[in-house]
Amino acid sequence: MEELSLIKQALRAVMNGQPLALRDPHRPTWHLAPSVGLLNDPNGFIQHNGVYHLFYQWNPLGCDHRNKCWGHWQSIDLVHWEHQPLALAPGACYDSHGCYSGSAVVAEDKVTLIYTGNVKFPDGSRTAYQCLAQASDRGEYRKLGPVLPLPEGYSGHVRDPKVWRHQDAWYMVLGARDLQDRGKVLLLRSSNLRDWQALGEIAGSGLNDLGEFGYMWECPDLFSLDGGDVLICCPQGLAPQPERYLNRYQAGYLLGKLDYRQAAFSHGEFHELDAGFEFYAPQTTLAEDGRRLLFAWMGVPEQDEEAHPTRRYGWIHTMTCPRELSLRHGRLHQRPAHELQQLRGEREDWRGRADDAPTYALGAAELQLTPQGAFSAAFGDAMTLNWDGERLQLTRVSLADGRPEHRYWRGPVTHLQLLFDRSSVEIFINHGEAVMSARYFPAGEPQLRLNGSAPLALEYWPLTPCMLE
């Protein structure tokens with residue numbers, strides 16, 4: 001579709017579709033969700049002059065993965081967000097089949113976007129260009145065109161540039177699929193964001209003693225944190241194991257050290273970033289106060305998307321809450337951004353046996369549990385969390401076939417922080433040692449019901465709505 005026509009159609013879709021979307025009982029009250037249509041990857045997450053910008057993959061014309069634009073929100077506090085004009089829409093010869101994911105930097109004191117232009121050909125083949133766009137004085141984004149064609153030796157699946165500044169140069173990591181169907185992460189360098197030098201492959205299937213590890217690596221993000229370097233990535237094609245790699249595609253990280261001179265990244269084993277049902281395409285930014293912050297898509301590509309009940313209301317998917325990252329004991333920890341405490345209402349405390357606990361409304365709520373033994377928790381009629389002393393098990397009814405499906409985490413549990421928002425829950429284990437994120441779709445207002453003979457301590461806050469403006 002021609003670019004201007006798509007923008008006009010998008011405006012009509014929002015005006016006509018938003019009243020229906022707002023009537024959906026599963027629509028979140030404080031998570032970011034699309035006005036209409038499909039949301040997926042967070043893009044261009046950055047803070048500039050005190051303002052957070054979060055761009056996102058958006059199809060305003062439907063709940064499928066076509067017509068990929070970049071929507072745009074901004075905030076001064078990570079809690080209250082405002083809609084901004086559509087940042088990017090496909091239609092140029094170099095992005096005719098979608099403005100795919102990418103990142104943002106500040107160059108010439110302007111927010112500058114680096115994204116993948118996707119082009120498909122009639123014979124079924126495809127290519128990709130890495131492209132620039134830059135903010136104007138009116139807050140609109142002007143396309144500057146391609147700065148990097150498809151690298152030689154790779155399929156048309158090269159995308160998701162993440163760019164950062166190190167010393168006197170710009171660096172980029174790219175997700176790629178080589179001609180032998182192996183997923184890779186490529187490293188490039190530039191002095192001006194326009195002329196890029198390929199430095200080589202720094203991670204991927206068959207590299208760094210990782211073995212065969214998927215046919216495509218998406219959404220790489222490389223950054224320094226607490227004295228180490230972290231490479232976030234999304235390998236596609238990992239075989240499921242009994243208690244991990246259970247989603248269609250995975251999101252995780254490698255901890256190591258990037259040698260900028262040698263263009264080499266030595267790293268340890270791959271760890272999943274989230275042990276729940278929905279989590280993909282995470283992207284981080286370095287905030288002006290020094291924190292490393294993360295958003296992710298609370299969804300997974302090609303995983304029961306056609307069965308989500310929100311499609312009846314013309315929209316699908318949400319973002320996770322913003323999270324703060326830290327390295328502790330050689331593992332990445334995630335905690336809800338502290339700004340979210342602004343949403344808390346009046347606190348309630350309770351202590352006793354789980355069996356004797358009162359019920360609590362979970363429509364939009366924060367719950368903190370300190371268990372002293374096994375317990376189970378039901379979130380309405382749609383999801384349960386069970387702790388048997390060795391393993392956490394999160395269970396829901398499959399949207400696809402109605403059968404129970406499970407996700408797992410093993411280890412001692414001393415503390416749980418759960419954030420609910422109508423059709424989602426994010427469970428932070430042991431102050432961020434692990435997370436389980438999931439969508440669920442209860443019938444009516446979900447109530448918390450606890451079971452178990454062991455004592456536990458409970459703190460509960462209702463969370464106030466925070467609608468987009």
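The values are calculated or read from the model by the stated rules, or taken from the named source; none is laboratory data. Please read all numbers here as calculations on a predicted model, not as lab measurements. Please note: Cβ atoms are built from the backbone with ideal geometry, for glycine as well, and neighbour counts cover all protein chains shown. Remember, those area values only see protein heavy atoms, side chains included, never the ligands or the DNA or RNA. Shrake-Rupley method; radii C 1.70, N 1.55, O 1.52, S 1.80 Å.
Residue-level check: of (1) closer than 22 Å to D41 by Cα; (2) of a type in the set (G, A, S); (3) in a strand (DSSP E or B), G214 misses just (3). Give the range 411-434 a look and list any residue that's of a type in the set (S, T, N, Q) and either in a loop (DSSP other than H, G, I, E, B) or touching a Pro at 6+ places or on another chain (Cβ under 6 Å) (or both), or say none. Listed by number, the residues that qualify are T414, S423, N430. Here S437 fits the description: in contact with a Phe, Trp or Tyr (Cβ under 6 Å, 6 or more places away or on another chain) and either assigned to a strand (DSSP E or B) or free of Cβ contacts under 8 Å to residues at least 24 places away in the same chain (or both). Here A33 passes the criteria (1) assigned to a loop (DSSP other than H, G, I, E, B); (2) hydrophobic (A, V, I, L, M, F, W, C); (3) touching a helix residue (DSSP H, G or I) at 6+ places or on another chain (Cβ under 7 Å) except the one numbered (3). Where strands (runs of 3 or more DSSP E) fall wholly inside the range 115-192, no range has 2 or more residues that are basic (K, R) and surrounded by fewer than 20 Cβ atoms within 10 Å (Cβ to Cβ). Only strands (runs of 3 or more DSSP E) whose full extent lies in the range 254-305 are considered here, and the ones with at least 2 residues that are farther than 29 Å from S424 by Cα and in contact (Cβ under 8 Å) with a residue 24 or more places away in the chain are 264-267. On inspection, V111 does not qualify as open to solvent by less than 60 Å² (accessible area, probe 1.4 Å), aliphatic (A, V, I, L, M), over 16 Å from R159 (Cβ atoms) and not in a strand (DSSP E or B). For residues in the range 1-32 being under 30 Å from E366 (Cβ atoms) and hydrophobic (A, V, I, L, M, F, W, C), which is farthest from the chain's Cα centre (by Cα)? Here the residue is L20. Looking across the range 202-226, just one residue is aromatic (F, W, Y) and more than 22 Å from R331 (Cβ to Cβ), and that is Y215.
Looking only at residues of the range 193-211 that are in contact (Cβ under 8 Å) with a residue 24 or more places away in the chain and assigned to a loop (DSSP other than H, G, I, E, B), we find that the one that is surrounded by the most Cβ atoms within 10 Å (Cβ to Cβ) is S205.
This table checks each residue for (1) outside any loop (DSSP other than H, G, I, E, B); (2) open to solvent by less than 30 Å² (accessible area, probe 1.4 Å).
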position	(1), (2)
M15	yes, no
P19	yes, no
G44	yes, yes
F55	yes, yes
L61	no, no
N67	no, no
G71	yes, yes
L78	no, yes
P90	no, yes
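When the range 21-31 is filtered for residues that are in contact (Cβ under 8 Å) with a residue 60 or more places away in the chain and either open to solvent by 10 Å² or more (accessible area, probe 1.4 Å) or not hydrophobic (A, V, I, L, M, F, W, C) (or both), the ones remaining, listed by number, are R23, D24, P25, H26, R27, P28, T29, W30, H31.
In the range 392-410, the qualifying residues are those that are part of a loop (DSSP other than H, G, I, E, B) and either hydrophobic (A, V, I, L, M, F, W, C) or in contact with a Leu (Cβ under 8 Å, 6 or more places away or on another chain) (or both), and the one that is surrounded by the most Cβ atoms within 10 Å (Cβ to Cβ) is L399. Among the residues making up the range 84-101, those that are touching a residue at least 60 places away in the same chain (Cβ under 8 Å) and on the phi < 0 side of the Ramachandran plot are L86, A89, P90, A92, Y100, S101.
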